[in-house]
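Student: Take this structure first; my questions come after.
The values are calculated or read from the model by the stated rules, or taken from the named source; none is laboratory data. Quick caveat: nothing in here was measured; it's all calculated off a predicted structure. Here the Cβ positions follow ideal geometry from the backbone for every residue, glycine too, while neighbour counts run over all protein chains shown. What goes into the accessible areas is simple: the full protein's heavy atoms, side chains included, and nothing from ligands, DNA or RNA. Shrake-Rupley method; radii C 1.70, N 1.55, O 1.52, S 1.80 Å.
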Amino acid sequence: LAQSLFALFASSLAISLVFAIIPLCHNVVVLAVVLAVAGLAMGCIDTISNMQLVKIYQKDSAIFLQALHFFVGFGALLSPLIADPFLSDTNCILSNSTANASSNLPHIRKSLVPHHPGNLSHYDLPMKGMVVTRVSYAFWIMALINLPVPIAVFFLLYKERMVPCFNSSSHPLLSADELAMETRPAEKDDLSTAVQRPHAAGGHDDLFSCCQSKNFRGASYTYFAVHITGALVLFMTDGIVGEYSGFVYSYAVEEPLSVVHKVAGYLPSLFWGFITLGRLISIPVSYRMKPATMVFIPPPRCFLITFLLLLIFSYSVVFLFVGTASLGLFLSSTFPSMLAYTEDILQYKGCATTVLVTGAGIGEMVLQLLVGSIIHDRGSYSFLVCGMIFGGLAFTFYAFLLFFHRMYPKPSSDLDEASPDKAAVTDDTGQYQR
């Protein structure tokens, strides 16, 4: 827990620093390095937060995972609204001629986004001159908004006596987790083992414990198959979220739809809005249902059918908005539900979370790159065709996951005690270990 909190503190602080530095980058190589640091920090936060919720709350983790990913969607919906007032309607660099004729500038953006982005080379744009953009303020505002996060994590470290300089001057904030305890009193020592301090565990339960070879001794092939198929499902579904939110605007402004650019700009917000709504609804639902049931609500075939209908009604602007909202709603709970479901199969060791989050991140990166290249070569219609193919693959991998779940041996109490994955019980008080 201490290692996780220190990593979260460093990563969240790095994000604030990166957002403050981005407007000061005047070289693309420097900007690439800064963004790489931001990506590394966000990856650490994503993996550690999911993993620790699973390890601490175990069978109750589905509720907290849904809440966590609700705020992920809420942030994705809110941040463009913060940046929007600082975006320019004109070209950001004014030449001497355009600076003297500023009345013509509002027409530049409209001329830049007709309905044929492939013809942008026909427009002569000033590349040198006075910079008039105010977008730097958006980055600085986001840096300030994020700053309370590392402060809060440091406060938690301080209250838990994990900061070396202040380890005896404060009262512990988390003496026990009553919410996790009262629902399963027989598993108190499992919880205390899962969240104990690294020095109390003798170095056997740290951030990289799931990578130790002892965890794989005697494991059946279904153990690895569940990890792989779960990661492939999230590779596809999270990749669909990334590529759809990234390219639905480009698809809408192209023929045959030719949506006005301002109207098309609402599509990504609509998509993320319904993802956020779906995750908000899933929080109370997951309290009543098991992870295995949550995965079926909605089943993966729903967004596959949505892509099929989007292909059939590809000339309808109205159905594009309806389909975008439906797709966001159907995809909303897939990530947290799949994490809880896979960890439930594998007895909440936390290792599956790392594999699944990594698979989802790779999918979001690879599929956006792939779809962008295909749209450039084959046209905007290939955007929906790619979504249909990815949805079919996600459904296939999901069927394999269900198959391997049935094949996976259910652990008995005797096997659990003899398993090398079982950590030694050191305390039966239900308290967090000091």
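Student: Here's a check for you: in the range 36-51, which residue that is in contact (Cβ under 8 Å) with a residue 60 or more places away in the chain and open to solvent by less than 40 Å² (accessible area, probe 1.4 Å) is nearest to residue 63 (Cα to Cα)?
Tutor: 50
Student: OK, next. Out of all the residues in the range 240-249, is one or more β-branched (Val, Ile, Thr), in a loop (DSSP other than H, G, I, E, B), crowded, with 16+ Cβ neighbours inside 10 Å and at pLDDT 80 or above?
Tutor: no
Student: Name the residues in the range 264-297 that are open to solvent by less than 30 Å² (accessible area, probe 1.4 Å), under 15 Å from residue 325 (Cβ atoms) and more than 18 Å from the chain's Cα centre (by Cα), would you?
Tutor: Once the filter is applied, which keeps residues that are open to solvent by less than 30 Å² (accessible area, probe 1.4 Å), under 15 Å from residue 325 (Cβ atoms) and more than 18 Å from the chain's Cα centre (by Cα), the range 264-297 yields 264, 267.
Student: Another one. Looking at (1) crowded, with 17+ Cβ neighbours inside 10 Å; (2) part of a helix (DSSP H, G or I), which is the only condition residue 259 fails?
Tutor: (2)
Student: Can you go through 394, 352, 399 and tell me which one is part of a helix (DSSP H, G or I), modelled with pLDDT of 75 or more and either in contact with a Leu (Cβ under 6 Å, 6 or more places away or on another chain) or open to solvent by 70 Å² or more (accessible area, probe 1.4 Å) (or both)?
Tutor: 352
Student: Name the residues in the range 355-367 that are over 20 Å from residue 41 (Cα atoms) and either open to solvent by 10 Å² or more (accessible area, probe 1.4 Å) or touching a strand residue (DSSP E or B) at 6+ places or on another chain (Cβ under 8 Å) (or both), would you?
Tutor: none
Student: Output the number of the condition that residue 370 fails; it satisfies all remaining conditions of (1) surrounded by 15 or more Cβ atoms within 10 Å (Cβ to Cβ); (2) within 23 Å of residue 42 (Cα to Cα).
Tutor: For residue 370, the failing item is (1).
Student: Give me a count of the residues in the range 1-35 that are open to solvent by 50 Å² or more (accessible area, probe 1.4 Å) and not in a helix (DSSP H, G or I).
Tutor: 2
Student: Note down all Cβ pairs under 8 Å where the first residue falls in the range 136-148 and is over 11 Å from residue 82 (Cβ atoms) and of a type in the set (A, V, I, L, M), the second is open to solvent by 60 Å² or more (accessible area, probe 1.4 Å) and modelled with pLDDT of 90 or more, and they're at least six residues apart or on different chains.
Tutor: 143/17
Student: Test residue 326 against the criterion of being surrounded by 15 or more Cβ atoms within 10 Å (Cβ to Cβ) and in a loop (DSSP other than H, G, I, E, B), and give yes or no.
Tutor: When the stated conditions are applied, residue 326 does not pass them.
Student: Additional query: Taking residue 305, is it part of a helix (DSSP H, G or I), more than 21 Å from residue 406 (Cβ to Cβ) and free of Cβ contacts under 8 Å to residues at least 24 places away in the same chain?
Tutor: Yes; evaluated as a whole, the condition is true for this residue.
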